[in-house]
Amino acid sequence: NAGVTQTPKFQVLKTGQSMTLQCAQDMNHEYMSWYRQDPGMGLRLIHYSVGAGITDQGEVPNGYNVSRSTTEDFPLRLLSAAPSQTSVYFCASSSWQGHEQYFGPGTRLTVT
Amino acid sequence: AQTVTQSQPEMSVQEAETVTLSCTYDTSESDYYLFWYKQPPSRQMILVIRQEAYKQQNATENRFSVNFQKAAKSFSLKISDSQLGDAAMYFCAYRSGGINDMRFGAGTRLTVKP
């Protein structure tokens, strides 16, 4: 089991560029989530999905889009990158029964 | 919305000693789960321990144990026999029983002195 994988590990974007952060899990988990981690603020939920074809907004969704076409994949799209989106991004997944979330290794994104 | 508060931005402990990290939360729900995650410099989020709100017994995992006070909405983590490898950021997290929303505290940076 690879668990939760994320690509890329590091990315530098210019303001206004778009990109997609990839996330995949091989544990057949129904739930998948995206978080951002900023210094002094812990992790904040961006978007989440409770199954293929179903997504919903979290605490800080503005500037991000998601889709869930398969159980395994949950990409996060930055539509027009802004310096305020400089952060570390984590993807996570969980089963209904487990409740604890399993995290990917994170992506450090810098927007200049 | 539920909030999670970690009032200790930084803590330090001597190797082999015991340290307690504090966490309080605010909720009106009765069905929920609480977690402590460890984040070492590698950035990987690692589950340390979990507690179901309906369980009165405090969870224990080897050297890690919690003091869960449901009425006081308090969920502290005790690390016994601290080791150098315990040095990390520790995050307290709350998850409602019914939905996927997980709320994190701001974290406590733990330093272990040899």
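The values are calculated or read from the model by the stated rules, or taken from the named source; none is laboratory data. No experiment lies behind these values; they were computed from the predicted model shown. Please note: Cβ atoms are built from the backbone with ideal geometry, for glycine as well, and neighbour counts cover all protein chains shown.
When restricted to residues that are over 10 Å from the mean Cα position of the chain (by Cα), within 11 Å of chain B (Cβ to nearest Cβ) and closer than 22 Å to A:Ser18 by Cα, the stretch A:89-112 contains 2. Taken over the stretch B:3-27, the criterion of being small (Gly, Ala, Ser) and part of a strand (DSSP E or B) is satisfied by B:Ser12 alone.
Residues in the stretch A:36-45 that are modelled with pLDDT under 95 and either of a type in the set (Phe, Trp, Tyr) or touching a strand residue (DSSP E or B) at 6+ places or on another chain (Cβ under 8 Å) (or both): A:Asp38, A:Gly42, A:Leu43, A:Arg44, A:Leu45.
Taking the criterion of being more than 14 Å from chain B (Cβ to nearest Cβ) and either among the polar types (S, T, N, Q) or over 13 Å from A:Pro61 (Cα atoms) (or both), the residues of the stretch A:73-88 that qualify are A:Asp73, A:Pro75, A:Ser80, A:Ala81, A:Ala82, A:Pro83, A:Ser84, A:Gln85, A:Thr86.
Yes/no per residue for (1) among the aromatic types (Phe, Trp, Tyr); (2) in a loop (DSSP other than H, G, I, E, B); (3) buried (at least 19 other Cβ atoms within 10 Å of the Cβ):
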site	(1), (2), (3)
B:Glu29	no, yes, no
B:Trp36	yes, no, yes
B:Ser42	no, yes, no
B:Ile49	no, no, yes
B:Tyr54	yes, yes, no
B:Asn58	no, yes, no
B:Phe75	yes, no, yes
B:Lys78	no, no, no
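Take the conditions (1) under 19 Å from B:Ile46 (Cβ atoms); (2) under 13 Å from the mean Cα position of the chain (by Cα); (3) in a loop (DSSP other than H, G, I, E, B); (4) not aliphatic (A, V, I, L, M); A:Asn1 misses just one of them, which is (2).
Only one entry of B:Met89, B:Met102 meets the criterion of being touching a Lys or Arg at 6+ places or on another chain (Cβ under 9 Å) and modelled with pLDDT under 95, and that entry is B:Met102. Filtered by the rule that a residue be away from chain B (no Cβ under 14 Å) and within 22 Å of B:Thr5 (Cα to Cα), the stretch A:3-56 gives no residues. Is it the case that the stretch A:49-59 has a residue that's within 14 Å of the chain's Cα centre (by Cα) and outside any strand (DSSP E or B)? Within the stretch A:49-59, one or more residues are within 14 Å of the chain's Cα centre (by Cα) and outside any strand (DSSP E or B).
Of all the criteria given as (1) at positive phi; (2) within 14 Å of chain A (Cβ to nearest Cβ), the one not satisfied by B:Ala59 is (1). Residue count for the stretch A:64-102, restricted to those that are under 18 Å from A:Lys14 (Cβ atoms) and modelled with pLDDT of 95 or more: 12. So, in the stretch B:1-54, exactly how many residues are under 12 Å from B:Ala93 (Cβ atoms) and in contact with a helix residue (DSSP H, G or I) (Cβ under 9 Å, 6 or more places away or on another chain)? Number satisfying all stated conditions: 1.
For the stretch A:10-34, filtering for residues that are assigned to a strand (DSSP E or B) and over 17 Å from A:Ser95 (Cα atoms) leaves 8.
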